[in-house]
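Have a look at the structure below before the remarks.
Please treat every number below as a calculation from the coordinates, not as lab data. Please read all numbers here as calculations on a predicted model, not as lab measurements. Glycine gets a Cβ as well: all are built from the backbone with ideal geometry, and neighbour counts include every protein chain shown.
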Amino acid sequence: MIRVEHIEKRFGATTAVRDVSFEANAGQTLGLLGPNGAGKTSSLRILCGLLKPDAGRVHIDAIDVVKSPVEAQKKLGVLPDNCGLYTRLTAAENLRYFAELYGLSRNRTQQRMAQLSRQLDMDEILHRKTQGFSQGERMKVALARALMHEPPYLILDEPTNGLDVLTTRAVRSLLLELKRNGTCLIFSSHLMHEVSHLCDQLTVITHGQVSAHGTPEDIIRQTGGTDLEAAFAQLCTSASPHSPEHDKAKTP
Amino acid sequence: MKMIWTVFKKEWLDTRRDIKGVLPILIMPLLFALTSYGVLNFVAAMQQDKPEFTLPVMNGDQAAPLLAALHEAGLKTTGFSGDPIAQVREGEVPMVLRIPDSFSEQFREQQMANIELIWDLSRNEHQATANRVKSVVARWYQTLGAQRLIFRGVSPQAAHVGQVVDVNTAREQQMAMRILGSVPLFLVLVAFIACAGVATEMAAGEREGRTLETLLMVPIAKHWLFAGKWLMACSLSMVVVTLALFGQFMAIKMAPTAELGLRIDVSLQDYLQVFVLLVPLVALANSLLLFISLRARSLKDSQTYTQLVTLLPTATGLYVLLSGKSTSLAIAAIPLLGSQALITDALSGLSLSAGMIALNALTCLMLAAGFAFAGVSAFKLR
């Protein structure tokens, strides 16, 4: 189980994350929704042990991420928003490097590489240098890299951003299969249709804090909107520092 | 250890494919070897092609015996008329030996008969020739004075009480190293900056290429990642250092040192000593370079800072070259400066104390460990 409790993160005078809490269990898919700059990526980086929170606690299966980041990272597979591939290495070399760093044996690495290549339709690009790859190809390699060691928790930062329809469908089908097999997925996105297709639970983050949490239906009901997009738009507007609702909320 | 090996292998593969980055590193030792060879050849060529000097003499007919002595010493003379001071000042003639009109008369009367050598003391290129002329003339005066004393029944030794005699303790190889003083500087430069680009690429390049985030999410301690990268940079530096040593060996072997009157006999043991001295320096340099690159905010920042690092060996190298001091224990204990001084000693054929080598290695490795520690703590997202 992943448990994030009241985390805060400041960068100089800017507070990126104010008070964010969420939970996710095995086999569950949690979507972090929020506009650009809301604090989704910073929250995920704290969860992955890349950033140290200024306040709050993060646990993965009772492992304190701040105190034991290496132990916690063993349970995570992460797809960052930029993919982060070595461009002078081939796709296979990228996968092999990370498999070795995760401690996979040579045979297991070969097996997983073949399996993921088939699932993500990567056979043609596997032995090509990643320099010049399209966004979709880079995404596939990065996703395969995140899944090489079969992690129980998969963190994805805007996984289908800039992908064509076919690649989006392939990624979505893989994520659903992983969910069926009991993998816990946490992903950030601002694409409503993707969120409603995949997520059991949603946490909406605006201006560094949680403004709503629940199932997609709960959130639509809470805001009185007609669909998720309208609900999300209302949450973003009402949480804006310049909105009348926000000013009213701040008045004692 | 397996993790270090994994990072090491990946960095080798990545660097090997970066031809534009690797080629200058491999060319550097070749360029330094060619520079050493070129300098020695140039000096030899300068000596061979030097035109024979002819001394302009004013009123030469007044001092025929002196001219005979100059000719005997191998100096050619030619008559001169005109304004010697103006012509020397304008650089039309290098120097003029002016014999006064009264010289023959004063000489006959056995009075003090002075002559003048007119030349520009600020021009270093005429220094050796002027000294040679003055030495021949002084010897002629001395011989003449001795003859006059003998003629009067006085022993010349009565007027010649004694003189200071130079006793040169420098070995021939040490003298040669004064000319080849740039060789230790080249070697230290190679050891120190060979992998500056690679270190930048491995550290700041990860940040710029946005692969650092992915790498930091791998569940291994950051010091293993640092160690793998450091080991890769050190191994490449050692390859380049070996090439540089071989290049300098070939340059010295093939250069016309005999024609310059130099004896350079650097044995295999001397080269091995230099190699041993360069190993801790390579460890220090790559720790420093990785630390700088990890601390830098961008690839450009890192490149700027690493360029400044190249000034360090140049500064210490010039100090060693110009100071000419013998290496003390205190100097040996200073990383970089000590390495450079000891390498100069080794190539000069001086025997090095094992204690000094060990002390230098210890201080270099301690500083390398300090930079590595600081580098590991800088291995994070900002």
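Ranking of B:305, A:97 by neighbouring Cβ atoms within 10 Å, starting from the fewest: B:305, A:97. Figure legend: label point modelled 7 angstrom from the Cα of residue A:191 along Cα→Cβ; residues of the stretch A:21-50 with amide N under 19 Å from it are A:29-38, A:40-41. Counting only helical runs of four or more DSSP H residues, what would the 222 nm mean residue ellipticity of chain A come to if each run contributes -39,500 (n - 2.57) and the total is spread over all its residues? It comes out at -11500 deg cm²/dmol, rounded to the nearest 500. Indicate the gyration tensor shape class of the stretch B:186-232 (rounded, prolate or oblate), computed on the Cα atoms with a ≥ b ≥ c the square roots of the eigenvalues: a/c under 1.5 is rounded; otherwise a/b larger than b/c is prolate and the rest oblate. Oblate is the answer for the stretch B:186-232, as a/c is 1.5 or above yet b/c matches or exceeds a/b.
Remark: the residue B:155-residue B:45 segment gains 34.9 nm on full extension, using 0.36 nm per residue and subtracting the alpha carbon distance. A simple spin-label model places pseudo-atoms 7 Å from Cα toward Cβ; at residue A:177 and residue B:330 they are separated by 7.3 nm. If the chain linking residue B:269 and residue B:239 were pulled fully straight, counting 0.36 nm for each residue of separation and taking away their Cα-Cα distance, it would gain 8.9 nm. Using the Cβ-Cβ distance between residue B:54 and residue B:143 with R0 set to 25 Å, the FRET efficiency works out to roughly 0.60. The distance from the alpha carbon centre of the stretch B:1-18 to that of the stretch B:223-257 is 18 Å, rounded to a whole number. Listed by chain and number, the lysines placed with their C-alpha closer than 19 angstrom to that of residue B:10 are A:129, B:2, B:20, B:222, B:229; residues fewer than eight positions away on the same chain are left out. Computing FRET efficiency as 1/(1 + (r/R0)^6) for residue B:134 and residue B:61, where r is the C-beta to C-beta distance and R0 is 22 Å, gives about 0.55. Label zone (residue A:200, point 7 Å along Cα-to-C-beta; backbone nitrogen cut-off 16 Å) within the stretch A:25-64: A:25-32, A:61. Across chain A, the relative contact order, built from alpha-carbon pairs under 8 Å that are at least six residues apart, equals 25 percent. Take the Cα of residue A:123, go 7 Å toward its beta carbon, and the backbone nitrogen atoms of the stretch A:58-102 under 18 Å from that spot belong to A:91-92. For chain B, the longest principal axis of the C-alpha atoms and the axis of helix B:311-323 are separated by about 30°.
With helices as the sole contributors, chain B gives -21500 deg cm²/dmol at 222 nm; each DSSP H run of n ≥ 4 counts as -39500 (n - 2.57), and the sum is divided by every residue.
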